[in-house]
Amino acid sequence: MQVYKFGGASVKDAQGIKNLAGIVSQETRNLVVVVSAFGKTTNALEMVLKSWINGEKIYKEHLNNIYSYHVTITDDLFTSPNSTKSLIDNSFDNLKQYLRKADHKDYDFEYDQVVSYGEIWSTLIVAEYLRKAGLKPEWIDIRQIIITDDRYRDANILWEESNIRIKKAFDFNKSSLFITQGFISGTSNGTCTTLGREGSDYTAAILASILDAESVTVWKDVPGLFNADPKWLSDAQKLNEVSYREAVEMTFSGAKVIHPKTIKPLHNKNIPLHVRSFLVPYDEGTLVKADPILERVLPVFVRKENQILLSILPKDFSFVMGENLSNIFHVFMSHGNKVNLVEASAVSIDVCVDDERAKVNALMADLEPEYSIIYNEKVEILSIRHYTQEAVERITSGREILLEQRTRNSVRFVVRQKLTLK
């Protein structure tokens, strides 16, 4: 069996859904299709959430815009009146009813309850269109199947329970085609959770691993993995084959084509990952596997933006290693701060984290009694795999280097733009 994952860009309009149907209809083997929210729906739902949390009535206008967008797609796909619109209407009504409540729990909890609707809407519409196209998909609510802990917005998989539920739900003796949601999941008591932003790739990998898939294909609006983001370096080149290890390094460093957690479940079962373009579905794209054939080794450039560099020093000038280090990272974990780079000396530690200001402020407030903290905002992490001096000079020119790390194969810089004096 195969697992296909379609991202938001591939299903942003009616034509995209028709393209999906064309690709799915060509597959003769058992197939699980994982679908993200349409287009920029997740971003739009984040706006709804922010306005609602802040008590701003404009959240209703934001939600109406999202509703109109989905109705436009259903109108383009189905003749009127259609039962699909009724399904969408009912689901939107459920969300509106949820938002009418006066009490709010913490932001991360509410995020998962609200933003998760995007994937529900997209998969309802896709499943109905595939039925119209003559296929017989089984729609699965993955919130009841992939079971996690209650770490909202970045939940951890409870593998034993998820394994049981996945094998029972995806029964290929009953159907050869299943449609389900990426990104979202649920606790054992039925509360919705999510797997982290852009987590649909991870969903596909979880299902592939447990169901022993032959391969996973991630359908994107790009031809495959490149040695740099073409929007950053215009001469970026496509990588035909990449190892699991290389893919992990790229995604951890900030490459956005696939989710960082995707690779491990696939590596565990030696399941290859194809990254292909839904715009040119017959192009081979990039193959990620254990033993790739490398025609030549190119420097691989990755940029991770919107970072804060924290320098943390014990106020009593004690060594940072040992108990201090354990205490510091316990605070990071408790606030859910993702550590993207660490550099330690005898009496200080430098840490780069995503610029999620509320989490960073809470972190610093907890550390402040025992540690002095200096921070630099608006910095980037620039990474090069298989670096050359020419490659280093290319991406660091015109930038102030705040921190540098080198190994045999990789170099990483924390940088900011140099100030120009007028």
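Based on Cα contacts under 8 Å between residues 6+ apart, the chain shows a relative contact order of 13 percent.
Our helix-only sum for the chain, with -39,500 (n - 2.57) per DSSP H run of n ≥ 4 divided by its residues, gives a mean residue ellipticity at 222 nm of -11500 deg cm²/dmol. Backbone N atoms of the stretch 50-67 closer than 13 Å to the 7 Å Cα→Cβ label point of ASP13 are not found in any residue. Seen from a random direction on average, the alpha-carbon convex hull of the stretch 107-256 projects onto 10.8 square nanometres. Only Cα pairs under 8 Å and 6+ residues apart enter the sum, and on that basis the relative contact order of the stretch 25-155 stands at 32 percent. Relative to the longest principal axis of the Cα atoms of the chain, the long axis of helix 323-335 lies at roughly 30 degrees. Please list, in order, the residues from the stretch 203-228 whose amide nitrogen is less than 19 Å from a point placed 7 Å along the Cα→Cβ vector of ASN268. In the stretch 203-228, the label zone of ASN268 (backbone N under 19 Å from the point 7 Å along Cα→Cβ) covers 203-217.
For the stretch 148-212, the Cα gyration tensor yields ellipsoid semi-axes of 20, 13, 10 Å (square root of five times each eigenvalue, largest first, whole Å). Taking amide H as placed 1.01 Å from N in the peptide plane, the amide H of LEU402 sits under 5 Å from that of VAL414, VAL415, ARG416, each at least 5 places away or on another chain. Only alpha carbons enter this Debye calculation for the stretch 300-417, each as an equal point scatterer, and the log10 of I(q)/I(0) it gives at q = 0.16, 0.22 Å⁻¹ is -0.77, -1.21. Every Cα-Cα pair in the chain was counted, and those over 26 Å apart are 60% of them. Percent of C-alpha pairs per 10 Å bin in the stretch 50-143, short distances first: 14, 44, 28, 12, 2. Dipole orientation for the stretch 40-151: of the candidates THR74, SER116, ASN94, THR74 has the Cα lying most toward the positive pole (charges on Cβ; Lys, Arg +1; Asp, Glu -1). Please report how far the C-alpha centroid of the stretch 208-228 lies from that of the stretch 1-46, rounded to the nearest whole angstrom. After rounding, the separation between the Cα centres reads 13 Å. Put simply, the amide H of LEU31, placed in the peptide plane, has neighbours under 5 Å in GLN2, LEU177, PHE178, leaving out anything fewer than 5 places away on its chain.
Relative to the longest principal axis of the Cα atoms of the chain, the long axis of helix 200-211 makes an angle of roughly 70 degrees.
When +1 charges are put on Lys and Arg Cβ atoms and -1 charges on Asp and Glu Cβ atoms, the dipole computed for the stretch 118-167 relative to its Cα centre reaches about 300 debye.
Report, to the nearest 10°, how far helix 83-99 tilts away from the longest principal axis of the Cα atoms in the chain, using its own Cα long axis and a range of 0 to 90°. For helix 83-99, the angle is close to 40 degrees.
Laboratory data are not the source of any read-out in this text; all were calculated from the coordinates shown. In this text, all values refer to a predicted model and were calculated from it rather than measured experimentally. Virtual Cβ from ideal backbone geometry, glycine too; neighbours counted across all protein chains shown.
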